[in-house]
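Visitor: Following this message is one structure expressed as structure tokens.
The values are calculated or read from the model by the stated rules, or taken from the named source; none is laboratory data. The model shown is predicted, which means the values in this text are computed figures rather than measured ones. Ideal geometry is used to build each Cβ from the backbone, glycine not excepted, and the neighbour counts take in all protein chains shown. Side chains are part of the model used for accessible areas, which takes the heavy atoms of the whole protein and leaves out ligands, DNA and RNA. Shrake-Rupley method; radii C 1.70, N 1.55, O 1.52, S 1.80 Å.
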Amino acid sequence: MTSPSLLALAHEVATTWRPRADAHDEAGAFPEADMADLRASGLLGLLVPTHLGGMGGGFEDYVGVAMTLARGNGASALLFNMHASVTGALAMVPDEVACALGVPASFLATRDQILSRAASGAMYGVAISERAAGSRLSALETTYTRDGSGYRIRGHKSTCSGAGHLDGYLVAARDATAADAGPPVVSYFVVPAEAIGSIDQGWDPLGMRATASNGFELDCWVDQSALVGVEEVALLLAEVMPEWLVASYAAVYVGVAQAALAAAVEHVAATSVREPTCDGAPRLVSLGTSPWVRQRLGRADAQVEAARLTLEEAARQVDANRGDPQTSRWVYRAKLLAGDTAFAAAASLTEACGLGALLRGGELERLLRDTRSGAVMPPSSDVAANVLGASVLGVDPSGGLGARPW
Ligand SMILES: Cc1cc2nc3c(=O)[nH]c(=O)nc-3n(C[C@H](O)[C@H](O)[C@H](O)COP(=O)(O)OP(=O)(O)OC[C@H]3O[C@@H](n4cnc5c(N)ncnc54)[C@H](O)[C@@H]3O)c2cc1C
């Protein structure tokens, strides 16, 4: 369970975010003020070990904090999610496992430097997605080649939350020299801000607008210590640590769904309608007296709580049994339910509230748009359900039935 003091800290930050959320959404730009609050709170160091100046949190802590932050502003919480995915994945591979995999000491030093900087306020993002490949790691076209004492990385990333505003980026690229016929060799690099190329400025989506998720060019040289661990680690991590690629988004979308329910309750409680009567003049009644409205609130409440409980179970399993196939199933269940529930609940709640909840500038209207991205973010709901279906059939999703998600 996330400690009450961490939840209180996240709640304090979310409370400062909420009044600014509509303006950030309208601008569709990087939410500087929200990120300054996050930095000041120390939460950028949530997953950084205490000996490196952080809070030493685990995945359950992340889930509690991210859900709470998302109730203030989903887009800002999504930026926190990307940063947490980088710092969490780096912090949670035990040194013994890293050494057994042949990770050089130079990388362990770089990793500790990245984590210490995060605890002091540096912010990181993730640059996997590409136009035709989406986030399918094995289909990426960005390449790296060995070049002197480092690597040259070339390609174009289509979508990266916070592009141009962060201190470093986790970039996925494939080895250009690996044989075309074999499986691709996909590795991660932490690329410093000054090494990324020109940034696209076209981000203007339906929802989660204030994430500034622009693409960028890459044609840079990085030192060998920028390689995360060892080459070919990306697909392995997706399999044994799916939480940072899969369930971390779930926390954001469950939080947004909770915010939509709270906004709908506020709207219903504050709204009266004129109701026709059979035997006299119409009368003014609270919207909450309608059984049709109440049943939508009731269904949304049950759906959102089910998604939250599934996510919290997944988080418990991750902290207790990381890498276990059963844990993976919980992780995929959590992502699937969060993405589908957030949008279904927000759509039903806006229908219950009527046009008043669909006018531009209203909180519920923004939340409805924000929830639309949940099922699209990787793995999409269809892909997550396909992986789960394969595992229900007893088939290894990465090898059988063409269910390979990455
Ligand atoms: C708000 C927001 C922020 C984002 N931030 C980042 C970020 O910081 N970093 C980043 O790297 N990306 C980011 N993304 C991009 C996100 O990861 C992409 O949406 C994702 O990669 C999917 O790509 P796509 O939407 O183009 O569709 P695709 O993945 O190409 O999906 C299109 C269709 O193909 C299906 N499909 C996908 N995979 C498979 C498969 N394996 N087998 C069969 N069918 C499949 C899908 O279900 C879908 O129906 C962000 C997206 C959003 C909406």
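Visitor: Being in contact (Cβ under 8 Å) with a residue 40 or more places away in the chain, open to solvent by less than 60 Å² (accessible area, probe 1.4 Å) and within 14 Å of residue 248 (Cα to Cα) is the filter here, so list the residues in the range 303-326 that pass it.
Guide: Of everything in the range 303-326, those that are in contact (Cβ under 8 Å) with a residue 40 or more places away in the chain, open to solvent by less than 60 Å² (accessible area, probe 1.4 Å) and within 14 Å of residue 248 (Cα to Cα) turn out to be 307, 308, 311, 312, 314, 315, 318.
Matching residues to (1) within 16 Å of the ligand (Cβ to nearest atom); (2) closer than 18 Å to residue 266 by Cα; (3) not assigned by TED's automatic domain parsing to the domain that holds residue 28:
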position: 305; (1), (2), (3): no, no, yes
position: 309; (1), (2), (3): no, no, yes
position: 318; (1), (2), (3): no, no, yes
position: 326; (1), (2), (3): no, no, yes
position: 339; (1), (2), (3): yes, no, yes
position: 343; (1), (2), (3): yes, no, yes
position: 359; (1), (2), (3): no, yes, yes
position: 386; (1), (2), (3): yes, no, yes
position: 397; (1), (2), (3): yes, no, yes
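Visitor: Right, something else. For residue 296, state whether it is open to solvent by 50 Å² or more (accessible area, probe 1.4 Å) and within 16 Å of the ligand (Cβ to nearest atom).
Guide: Details: open to solvent by 50 Å² or more (accessible area, probe 1.4 Å): yes; within 16 Å of the ligand (Cβ to nearest atom): no.
For residue 296, the condition - open to solvent by 50 Å² or more (accessible area, probe 1.4 Å) and within 16 Å of the ligand (Cβ to nearest atom) - is not met.
Visitor: Out of the residues in the range 229-241 that are open to solvent by less than 30 Å² (accessible area, probe 1.4 Å) and more than 15 Å from the ligand (Cβ to nearest atom), which is farthest from residue 358 (Cα to Cα)?
Guide: Applying the filter and picking the extreme gives 229.
Visitor: Can I ask one more? Just to verify a result, which residue in the range 185-217, among those that are in a loop (DSSP other than H, G, I, E, B) and open to solvent by 40 Å² or more (accessible area, probe 1.4 Å), is farthest from the ligand (Cβ to nearest atom)?
Guide: Going residue by residue through the range 185-217, those that are in a loop (DSSP other than H, G, I, E, B) are 185, 196-198, 200-208, 212-213.
After this cut, where a residue has to be open to solvent by 40 Å² or more (accessible area, probe 1.4 Å) as well, the list is 198, 200-204, 206.
On the way: 198: 17, 200: 13, 201: 16, 202: 13, 203: 9, 204: 12, 206: 9 Å.
Once the filter is applied, the top-ranked residue is 198.
Visitor: Taking the options 40, 23, name whichever one is over 16 Å from residue 208 (Cβ atoms), at pLDDT 95 or above, in a helix (DSSP H, G or I) and open to solvent by 50 Å² or more (accessible area, probe 1.4 Å).
Guide: Exactly one of 40, 23 is over 16 Å from residue 208 (Cβ atoms), at pLDDT 95 or above, in a helix (DSSP H, G or I) and open to solvent by 50 Å² or more (accessible area, probe 1.4 Å), namely 40.
Visitor: Is there a residue in the range 335-351 that is farther than 30 Å from residue 239 by Cβ, within 21 Å of the chain's Cα centre (by Cα) and open to solvent by less than 10 Å² (accessible area, probe 1.4 Å)?
Guide: Yes, there is a match, as at least one residue in the range 335-351 is farther than 30 Å from residue 239 by Cβ, within 21 Å of the chain's Cα centre (by Cα) and open to solvent by less than 10 Å² (accessible area, probe 1.4 Å).
Visitor: Based on this model, can you work out whether residue 393 counts as away from the ligand (no atom under 16 Å from the Cβ), among the aliphatic types (A, V, I, L, M) and within 21 Å of residue 263 (Cα to Cα)? Even if it seems obvious, please write down each step before you answer.
Guide: Details: away from the ligand (no atom under 16 Å from the Cβ): yes; among the aliphatic types (A, V, I, L, M): yes; within 21 Å of residue 263 (Cα to Cα): no.
Answer is no for this residue.
Visitor: With 72, 121, 88 as the choices, which residue is more than 21 Å from residue 174 (Cβ to Cβ), in contact with a Ser or Thr (Cβ under 9 Å, 6 or more places away or on another chain), away from the ligand (no atom under 16 Å from the Cβ) and not aromatic (Phe, Trp, Tyr)? Steps first, answer last, please.
Guide: Details: 121 fails: in contact with a Ser or Thr (Cβ under 9 Å, 6 or more places away or on another chain); 88 fails: away from the ligand (no atom under 16 Å from the Cβ).
None of the other options fit; the residue is 72.
Visitor: Looking at the range 218-253, which of its residues are hydrophobic (A, V, I, L, M, F, W, C) and in a loop (DSSP other than H, G, I, E, B)?
Guide: Selection gives 228, 230, 241, 245, 246.
Visitor: Give me a count of the residues in the range 161-184 that are modelled with pLDDT of 95 or more, β-branched (Val, Ile, Thr) and part of a loop (DSSP other than H, G, I, E, B).
Guide: Residues meeting the conditions: 0.
Visitor: Could you tell me which of the residues 361, 323, 354 is among the small types (Gly, Ala, Ser) and farther than 30 Å from residue 23 by Cβ?
Guide: Unique residue meeting the criteria: 323.
Visitor: How about the range 375-384: which of its residues are near the ligand (Cβ under 6 Å from one of its atoms), in a helix (DSSP H, G or I) and crowded, with 20+ Cβ neighbours inside 10 Å? Outline the logic, then answer.
Guide: So in the range 375-384, the residues near the ligand (Cβ under 6 Å from one of its atoms) come out as 376-378, 380, 382-383.
After this cut, where a residue has to be in a helix (DSSP H, G or I) as well, the list is 382-383.
If the condition is that a residue be near the ligand (Cβ under 6 Å from one of its atoms), in a helix (DSSP H, G or I) and crowded, with 20+ Cβ neighbours inside 10 Å, then 383 is the only one that fits.
Visitor: Something else now. Any residue in the range 139-155 that's within 12 Å of residue 175 (Cβ to Cβ) and without any contact (Cβ under 8 Å) to a residue 24 or more places away in the chain: show its pairings with residues that are among the aliphatic types (A, V, I, L, M) and buried (at least 17 other Cβ atoms within 10 Å of the Cβ) at Cβ separation under 7 Å, as long as the two are six or more apart or on different chains.
Guide: No pair meets every condition.
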